[in-house]
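These notes concern the structure reproduced below.
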Amino acid sequence: MNAVQPLHAVASPALPDGQTVLSVRHWDDRLFSFRVSRPAGFRFRSGEFVMIGLPGENGKPLLRAYSIASPFWDEELEFYSIKVPDGPLTSRLQKIAVGDRVIVRTKPTGTLVLDALLPGRTLWMVSTGTGVAPFASLMREPETYEKFENVILAQTCRRKSELDYGADLHRRLLDDPLVGEEAASKFRRYATTTREPSDRMGRITDLIESGRLCADLGLPPFDPAEDRVMICGSMALNLDMKRLLEARGFSEGANSRPGEYVVERAFVD
Ligand code: A2P
């Protein structure tokens, strides 16, 4: 008999859209990532999000929006989450272990997709904290490197340990059989902290305004003719980035009408 059971054969009838937890990694006391089996036939575009969760009390599932942190072609789905001590979902989700089941609803959606951007030269992916998750998907998407000459992942966090997941994504990217070689010449990560000393400090918005970000990377100042921007952070960061870009002549894109930048709120907080 084949030792590997097809996933649908082990699905619990009590949890029809439950997926098996395949690995869990805790990055610090506030952040963790995990991988689950991919639902059969599930399709999504890199950068989209889905509702995931656990069975709640009274049998009703407790679901929250999570960006998929793995590319569309991956056999598994990765998610990156904050741990909120009294959060209804994350207080429980942070305790999952290999073999447990997590509900994954298979209706992907979202605006942080390549289709929502006009062609350009440099793709900026701007995030805070868990907002890096959709970019974890897009940075491993071959189309990202077909469409852009430069791909920059900018992440600002309060503390250094919050940047560890992004650093690990970067390492894994360079080993990626599909995009590793192209990423080595096109992709760069620009990580900053605001409340703990590190090699690079300051809010990403301030570093854009001052011209420091572009200068550090040897790129020209933000220009709607050449730059495309994806934003995923807190409400405050998203609004400041929108203001900053619109003052420079950028217009917001959507699935139905591609533009020069797109924005989505990092969900679970
Ligand atoms: P700061 O420490 O200066 O507030 P949070 O945990 O509050 O969501 O913040 C995550 C990171 O995003 C922090 O480094 C924080 O910097 C930064 N941040 C918060 N609000 C903004 C904003 N409006 N513009 C740029 N960066 C921001």
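A few notes on this one:
- Using a cutoff of 8 angstrom between alpha carbon atoms and counting only pairs six or more residues apart, the relative contact order for region 41-192 works out to 23 percent.
- Accessible area per residue in Å² at 1.4 Å probe, computed on region 114-264: 43
- Environment charge at Gln19 (Cβ cut-off 11 Å; Lys +1, Arg +1, Asp -1, Glu -1): +1
- Here the Kirkwood formula, the inverse mean of 1/r across different C-alpha pairs, assigns the chain a hydrodynamic radius of 19.1 Å.
- Across the accessible surface of the chain, with the other protein chains kept in place and a 1.4 Å probe, carbon and sulfur atoms take up 52 percent.
- One decimal place: the segment Arg171-Glu246 gains 23.7 nm when fully extended, by the rule 0.36 nm per residue minus the C-alpha distance.
- Only DSSP H runs of four or more residues enter the estimate; each adds -39500 (n - 2.57), and after division by the residues of the chain the mean residue ellipticity at 222 nm equals -6000 deg cm²/dmol.
- In degrees, nearest ten, helix 235-247 long axis to first principal axis of the chain (Cα): 30
- Linear extension gain, Asp86 paired with Leu178, 0.36 nm per residue minus alpha-carbon span: 29.1 nm
- Note that region 7-104 presents 47 Å² accessible area per residue, ligands and nucleic acids not counted, probe 1.4 Å.
- The long axis of helix 164-174 is offset from the longest Cα principal axis of the chain by roughly 90 degrees.
- Relative to the 2.2 N^0.38 Å rule of thumb, region 95-188 has a C-alpha radius of gyration ratio of 1.19.
- Extension gain for the segment Ala40 to Leu217, taken as residue separation times 0.36 nm less the Cα-Cα distance, is 59.6 nm to one decimal.
The values are calculated or read from the model by the stated rules, or taken from the named source; none is laboratory data. A quick note: this is a predicted structure, and the numbers were derived from the prediction, not measured. Heads up, the Cβs are rebuilt from the backbone with ideal geometry, glycines too, and the neighbour counts pull from every protein chain shown. Just so you know, the surface numbers come from the protein's heavy atoms only, side chains and all, with ligands and any DNA or RNA stripped out. Shrake-Rupley method; radii C 1.70, N 1.55, O 1.52, S 1.80 Å.
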